[in-house]
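> Have a look at this one before I ask anything.
The values are calculated or read from the model by the stated rules, or taken from the named source; none is laboratory data. Please read these numbers as outputs of a predicted model, since none were measured by experiment. Glycine gets a Cβ as well: all are built from the backbone with ideal geometry, and neighbour counts include every protein chain shown. Quick note on the areas: whole protein, heavy atoms, side chains included, nothing else; ligands and nucleic acids left out. Shrake-Rupley method; radii C 1.70, N 1.55, O 1.52, S 1.80 Å.
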Amino acid sequence: GTPQKYDPTFKGPIYDRGCTDIVCCVLLVVAIVGYVVVGVVAWTHGDPRKVIYPTDMSDHPGTDPGSGFPPDTRLPKALPRLRRLHGSSSPIQICVSKCPDQFLTYLTASASRSELEYYRNFCVPEFQNLQKPLIEVLKDKECPAMIIPSTPLARRCFPAIQAKKGVIMVGNKTTYDDGHGRRRNVTELLEGAKKANVVLEARQLAMKIFEDYTVSWYWIIIGLVIAMVASLIFIVLLRFLAGIMVWVMIVLVILVLGYGIFHCYMEYAKLKGEAGSDVSLTDLGFQTDLRVYLHLRQTWLAFMIILCVVEVVIILLLIFLRKRIVIAIALIKEASRAIGHVMSSLLFPLCTFFLLCLCIAYWASTAVFLSTSNEAVYKVFNETACQFSGQTCTPETFNTSNVTKLCPDAQCLFAFYGGETAYHKYLIVLQFFNVFMFFWLANFVIALGQVALAGAFASYYWAFKKPEDMPAFPLFSAFGRALRYHTGSLAFGSLILAIVQVIRVVLEYLDHRLKAADNKFAKFLLSCLKCCFWCLEKFLKFLNRNAYIMIAVYGTNFCTSARNAFFLLMRNIIRVAVLDKVTDFLFFLGKLLIVGSVGILAFFFFTHRIKLVQDTAPPLNYYWVPILTVIVGSYLIAHGFFSVYGMCVDTLFLCFLEDLERNDGSAEKPYFMSPDLKKLLKKTNKDQPDA
């Protein structure tokens with residue numbers, strides 16, 4: 001706390017501290033070690049190539065040289081998977097050396113030796129008997145019933161569908177032979193290949209977007225730099241214009257409401273004497289055409305009364321809260337000065353963003369490796385009664401086992417991914433742990449950033465002489481204090497939040513599973529739980545944020561800091577509400593101004609509407625690509641700048657409240673607030689000159 005007697009060398013309460021919540025710190029370290037172990041085990045057993053590379057019906061990867069395929073399948077490294085899109089049975093998945101380039105049915109190919117040899121490239125490797133009857137070949141799923149011209153994409157064959165002058169074509173043809181001597185239109189293939197066509201169109205769209213980025217990336221960077229400069233200028237101007245902007249907006253709201261009252265009165269007076277205008281709302285009842293109500297005098301009278309009530313309430317609030325509004329504006333101006341003395345804080349969100357990216361990358365890679373850790377499970381399939389049906393089998397030894405002797409038509413086919421080991425049985429638990437650790441570490445990174453910023457800005461507030469009494473590197477010092485003393489407290493706060501977020505994920509999963517159910521009570525209960533935990537998460541984020549500020553200021557543990565921050569805010573609830581709404585308005589205005597101005601500038605530039613630089617703008621396939629990129633990037637930049645500003649305002653506000661409650665301006669307990677705040681509150685430090 002503050003010292004009993006003022007010492008000119010004293011620099012505030014932020015330096016006297018010790019380690020807090022050590023148990024949670026140890027728990028976090030143990031959890032991180034366990035998370036690393038889970039990642040190593042997942043990377044040892046997992047194989048992401050199962051997701052990237054296609055497989056045939058026996059789960060043999062198309063790029064595996066040791067899969068037992070004929071030598072020609074090794075020639076192209078990208079071996080696509082051919083799906084038969086025509087027919088009612090399950091699709092045949094075969095690894096091939098290249099995609100088919102012509103329409104052909106097995107019935108047509110069987111009439112020609114050369115065509116049958118070509119067709120065999122798209123059959124299973126075991127198919128060698130060219131004299132085998134057609135019905136048996138299709139029944140055993142050794143060859144597809146039909147092949148169509150296809151194009152390779154992502155190691156898979158997709159129908160080569162294209163449109164030329166509004167005509168749908170596949171392989172430059174509009175019709176094909178169905179094998180029975182009939183010509184069919186290729187549009188009949190569209191339904192079966194709809195998803196494949198979407199993928200091809202997405203590929204073309206992606207290529208055009210990539211081309212747009214290659215010719216406009218430097219202009220996009222220029223737009224983002226403009227947004228960064230505009231955000232910085234806006235924060236600097238808040239020191240001088242915050243009061244003007246707030247009061248102008250308040251006056252405009254009052255004037256708009258006043259005009260609304262005047263307009264309602266004029267409409268009410270104009271309808272006097274008109275037929276049907278005196279009908280009451282109760283007699284008229286509910287009408288789907290809302291314009292009917294605008295022809296009633298009672299409607300405009302109701303509008304006028306409502307606006308008058310709102311106008312009176314706002315004026316009364318201004319009368320009673322004017323001083324608190326002035327204090328909020330003064331704190332916002334003070335926050336601009338604080339950021340001016342800790343300019344490195346504006347770049348600090350990049351550090352938090354980088355650490356969050358590491359968390360996301362580790363979580364995503366571990367999730368992929370865990371999900372691909374399952375082994376291929378083969379089971380016995382047969383069409384007649386067999387005692388071994390559904391049992392697991394080994395393809396390499398299946399033909400020499402007793403199963404084929406007792407059940408001649410049985411086959412050992414790939415069924416699903418799974419496993420019998422303890423590791424495979426607990427994969428779902430490891431995935432759950434992966435998700436939980438992601439939330440915990442992500443919240444910890446955010447908490448670390450908040451404490452570091454709060455410590456830096458608190459060092460500004462608690463400097464008796466600003467900025468002479470501030471440390472040389474306030475942000476670096478605050479970051480070091482947070483890691484050295486308060487890792488446990490940050491782990492505690494982020495753990496509580498992570499538990500609530502994981503519960504919300506589980507509830508969302510249950511909601512997804514219950515969508516097809518008819519149990520209305522269960523759906524209602526689930527909706528209530530989702531709403532409650534959403535509110536709880538919002539409250540915990542608010543509480544944690546202020547607890548972290550108290551940790552940065554006083555170095556107390558998480559529970560003590562959360563309790564002190566909560567009751568301090570509750571004792572000043574009106575000031576909290578006023579400051580919150582004033583800052584929300586200014587941040588909304590700043591984001592709207594920055595994103596809107598930069599977005600409009602980008603629109604006029606990329607659409608060649610600025611004559612001075614009309615020839616400079618690059619030619620584009622879609623001009624909305626760089627415009628949307630600039631708008632989204634500008635919003636993220638403005639949000640990053642204003643998040644720092646918001647943390648500064650909240651920190652100074654809590655320090656300001658603490659200063660008012662703990663100090664009285666005496667020589668033993670002087671105020672640390674700035675001269676402007678002291679002048680505003682008519683406070684002075686006795687026997688101590690103002691800084």
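> Report whether or not Ser373 is surrounded by 13 or more Cβ atoms within 10 Å (Cβ to Cβ), touching a residue at least 12 places away in the same chain (Cβ under 8 Å), small (Gly, Ala, Ser) and assigned to a helix (DSSP H, G or I).
For Ser373, the condition - surrounded by 13 or more Cβ atoms within 10 Å (Cβ to Cβ), touching a residue at least 12 places away in the same chain (Cβ under 8 Å), small (Gly, Ala, Ser) and assigned to a helix (DSSP H, G or I) - is not met.
> I'm trying to understand the selection: among the residues of region 633-676, which are assigned to a loop (DSSP other than H, G, I, E, B) and either in contact with a Gly (Cβ under 7 Å, 6 or more places away or on another chain) or not polar (S, T, N, Q) (or both)?
Passing the criteria: Asp664, Gly665, Ala667, Glu668, Lys669, Pro670, Tyr671, Phe672, Met673.
> Another question, then. Report yes if some residue within region 452-464 is in a helix (DSSP H, G or I), open to solvent by 70 Å² or more (accessible area, probe 1.4 Å) and either touching a residue at least 40 places away in the same chain (Cβ under 8 Å) or more than 29 Å from Ile503 (Cα to Cα) (or both); otherwise report no. Give the steps one after another, and end with the answer.
As a first pass, look at region 452-464 and keep what is in a helix (DSSP H, G or I): 452-461.
Right, trim to open to solvent by 70 Å² or more (accessible area, probe 1.4 Å) and you get none.
Taking every residue of region 452-464 in turn, none turns out to be in a helix (DSSP H, G or I), open to solvent by 70 Å² or more (accessible area, probe 1.4 Å) and either touching a residue at least 40 places away in the same chain (Cβ under 8 Å) or more than 29 Å from Ile503 (Cα to Cα) (or both).
> May I ask you to verify whether Lys679 is assigned to a helix (DSSP H, G or I), modelled with pLDDT under 90 and either out of contact with any strand residue (DSSP E or B) (no Cβ under 6 Å at 6 or more places or on another chain) or of a type outside the set (Lys, Arg) (or both)?
Yes: the conditions hold for Lys679.
> If Leu130 satisfies every condition in (1) modelled with pLDDT of 75 or more; (2) open to solvent by less than 30 Å² (accessible area, probe 1.4 Å); (3) part of a strand (DSSP E or B) but one, which is the exception?
Here Leu130 clears every test but (3).
> For the subset of region 660-691 comprising residues that are surrounded by 22 or more Cβ atoms within 10 Å (Cβ to Cβ) and within 17 Å of Ala338 (Cβ to Cβ), which member is farthest from the chain's Cα centre (by Cα)?
For region 660-691, the residue satisfying everything is Tyr671.
> Now for a separate question. Among the residues of region 423-439, which ones are aliphatic (A, V, I, L, M) and open to solvent by 60 Å² or more (accessible area, probe 1.4 Å)?
Passing the criteria: Ile428, Val429.
> Here is a follow-up. Confirm whether Asp511 is under 29 Å from the mean Cα position of the chain (by Cα) and open to solvent by 30 Å² or more (accessible area, probe 1.4 Å). Walk me through how you get there before you give the answer.
Values: under 29 Å from the mean Cα position of the chain (by Cα): yes; open to solvent by 30 Å² or more (accessible area, probe 1.4 Å): yes.
Considered against the rule, which asks whether it is under 29 Å from the mean Cα position of the chain (by Cα) and open to solvent by 30 Å² or more (accessible area, probe 1.4 Å), Asp511 comes out as yes.
Conditions (1) outside any helix (DSSP H, G or I); (2) modelled with pLDDT under 75, marked per residue:
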| site | (1), (2) |
| --- | --- |
| Asp409 | yes, no |
| Phe414 | yes, yes |
| His424 | no, no |
| Phe436 | no, no |
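Okay, residues lined up against (1) outside the structural domain of Lys173 (by the TED database); (2) of a type in the set (D, E, K, R); (3) closer than 28 Å to Thr384 by Cα:
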| position | (1), (2), (3) |
| --- | --- |
| Phe103 | no, no, no |
| Thr108 | no, no, no |
| Leu116 | no, no, no |
| Phe127 | no, no, yes |
| Val137 | no, no, yes |
| Glu142 | no, yes, yes |
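> Before we move on, is Leu514 closer than 30 Å to Leu28 by Cβ and not acidic (Asp, Glu)?
Considered against the rule, which asks whether it is closer than 30 Å to Leu28 by Cβ and not acidic (Asp, Glu), Leu514 comes out as no.
> Taking region 597-617, which residues are assigned to a helix (DSSP H, G or I) and open to solvent by less than 30 Å² (accessible area, probe 1.4 Å)?
Val598, Gly599, Ala602, Phe605, Phe606
> From Leu536, Leu510, Leu540, which residue is in a helix (DSSP H, G or I), touching a helix residue (DSSP H, G or I) at 6+ places or on another chain (Cβ under 7 Å), over 30 Å from Ser674 (Cα atoms) and modelled with pLDDT under 90?
Result of the check over Leu536, Leu510, Leu540: Leu510.
> Which condition from (1) more than 21 Å from Phe240 (Cβ to Cβ); (2) touching a Pro at 6+ places or on another chain (Cβ under 8 Å) is the one that Val342 breaks?
(1)
> Give the residue that is farthest from Lys98 (Cα to Cα), with candidates limited to residues of region 109-145 that are in contact (Cβ under 8 Å) with a residue 24 or more places away in the chain and among the hydrophobic types (A, V, I, L, M, F, W, C). Before you say what the answer is, go through the steps one by one.
First, pick out the residues of region 109-145 that are in contact (Cβ under 8 Å) with a residue 24 or more places away in the chain: 110, 119, 121-125, 134, 137-138, 141, 143-145.
Restricting the remaining residues to those that are among the hydrophobic types (A, V, I, L, M, F, W, C) gives 122-124, 134, 137-138, 143, 145.
On the way: Phe122: 9, Cys123: 12, Val124: 14, Leu134: 24, Val137: 22, Leu138: 22, Cys143: 16, Ala145: 18 Å.
Per the stated criteria, the residue is Leu134.
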